[in-house]
Amino acid sequence: MTEFRPEVVIIEKIEKHPNADFLDICTVVNDYPVITKSGEFALGEKVGYIPIDAIVPSNEQFHFLSPKKYLKVENEGVITAVQDGFKYNVGEVPEKYRIIKARVIRNVYSQGLLVKVNQYMNVGDSIVELFDLKKYESAFEEENIVSAKLKGKNAEKPPAGWFIPYYDIESVRKYFSLFKETDDIVITEKIHGSNISVCYNERLYVKSRSLYKKKDYTDSWWRAAIDMGLEDKLIKYPRLVFFGELIGYNKKFPYNTITNNVVNPKIIFFDIYSLDTKQYLDYEEFVKICNDLELETVPVLYKGSMLDKETIYEYAEGKSLLNSSHIREGIVIKTLVNRYEPKLNSRLFLKLIGKGFNLMK
């Protein structure tokens, strides 16, 4: 979620594209590479960074994203395709062509788009309204979360006197330097599903990323909670919020939810928060409680002393440990013992979405 932040940034590094004479690789926000035309931007220049999953408007500035139109031309018996403008007019380009995506251009990875901005703008200023940007949401999120917000479907009022914190994670690309060589870390697979949190506090509460849910078996979140017996299990640990990923509804990422060709949605857990201490539990305590309740936790890819950045990035690629038929979304890296980080205003834990996952969108 936090990787979607269209804002003013500084070009921190410019390198010549190794396989193209007229392309540069610009680096922004510490470690986000964006391929641009040579000489289009200068080192230290303020620019607008449009991340992947942004939807740009169908206007003249972004019309280059429209599919091209080609004519077949015959020359001395040889037929070639020659570009003849664009397939769509300005203002008529379908949304699916206006979603910013990760690309590999001449064997080099590029993530996002850079645009010119007024140099009087401040670093960190949002460019969402300036460029009329929207965020792309998957069909599952639109159907089960966005529509629920608009229609009140299965939503209930938040509990009085306490709340489940909103769960979001910053990117390794932006904050890798916050880790220390002396840190002991755990790297877990990032699961591609929908955020869910459950807590027993006099009764069971079930929440999606944004909404508290009324008890209803037809609701995707409650169905998983009921099928897994969480109403009975979590009584043993009242006032602990269990965070997990709801899986089984995405056909491309079924993970381990299929038995005898039947999908059985469930929750894979990755964190626990205490309402009493207002803190997340250390990793080993989280695992201990989940094991006690026989709750499945996200796969561990590595646990031990701190690794170099290149090695950590490699863990974000490859097949899912839950289902080798599809790739993993990425990784989450955290210290084994929680350490507060002022720059994050939270404990130190970060995510990295894999290049492979970004490229398949």
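The values are calculated or read from the model by the stated rules, or taken from the named source; none is laboratory data. Quantities reported herein were computed from a predicted structural model and do not represent experimental measurements. With ideal geometry, Cβ positions are generated from the backbone for all residues, glycine too; neighbour counts draw on all protein chains shown. The protein model used for the area step is the full one, side chains on, heavy atoms only, and it has no ligands, DNA or RNA in it. Shrake-Rupley method; radii C 1.70, N 1.55, O 1.52, S 1.80 Å.
Scanning for something touching a helix residue (DSSP H, G or I) at 6+ places or on another chain (Cβ under 9 Å), farther than 20 Å from Lys207 by Cα and in a loop (DSSP other than H, G, I, E, B), does segment 290-303 turn up at least one residue?
Within segment 290-303 (the criterion being touching a helix residue (DSSP H, G or I) at 6+ places or on another chain (Cβ under 9 Å), farther than 20 Å from Lys207 by Cα and in a loop (DSSP other than H, G, I, E, B)), the answer is yes, since at least one residue qualifies.
Could you list, in sequence order, all residues of segment 231-269 that are open to solvent by less than 80 Å² (accessible area, probe 1.4 Å), of a type in the set (D, E, K, R) and out of contact with any helix residue (DSSP H, G or I) (no Cβ under 9 Å at 6 or more places or on another chain)?
If the condition is that a residue be open to solvent by less than 80 Å² (accessible area, probe 1.4 Å), of a type in the set (D, E, K, R) and out of contact with any helix residue (DSSP H, G or I) (no Cβ under 9 Å at 6 or more places or on another chain), then Lys233, Arg239, Glu245 are the ones that fit.
So, in segment 191-216, of the ones that are open to solvent by 40 Å² or more (accessible area, probe 1.4 Å) and out of contact with any helix residue (DSSP H, G or I) (no Cβ under 7 Å at 6 or more places or on another chain), which residue ends up nearest to Tyr283 (Cα to Cα)?
Only one residue tops the list, namely His192.
State which residue is surrounded by the most Cβ atoms within 10 Å (Cβ to Cβ) when the search covers only segment 1-54 and only residues that are aromatic (Phe, Trp, Tyr) and farther than 17 Å from Arg173 by Cα.
Phe41
Do any strands (runs of 3 or more DSSP E) entirely within segment 158-211 hold 3 or more residues that are among the small types (Gly, Ala, Ser), and if so, which?
none
Among the candidates Glu189, Glu245, which residue alone is closer than 22 Å to Pro158 by Cα and of a type in the set (D, E, K, R)?
Only one candidate passes the filter, namely Glu245.
Could you list all residues from segment 129-158 that are surrounded by 16 or more Cβ atoms within 10 Å (Cβ to Cβ) and at pLDDT 95 or above?
Within segment 129-158, Phe131, Leu133 qualify.
Hey, does segment 15-25 have a residue that's of a type in the set (Lys, Arg), part of a strand (DSSP E or B) and touching a Phe, Trp or Tyr at 6+ places or on another chain (Cβ under 9 Å)?
No, segment 15-25 has no match at all.
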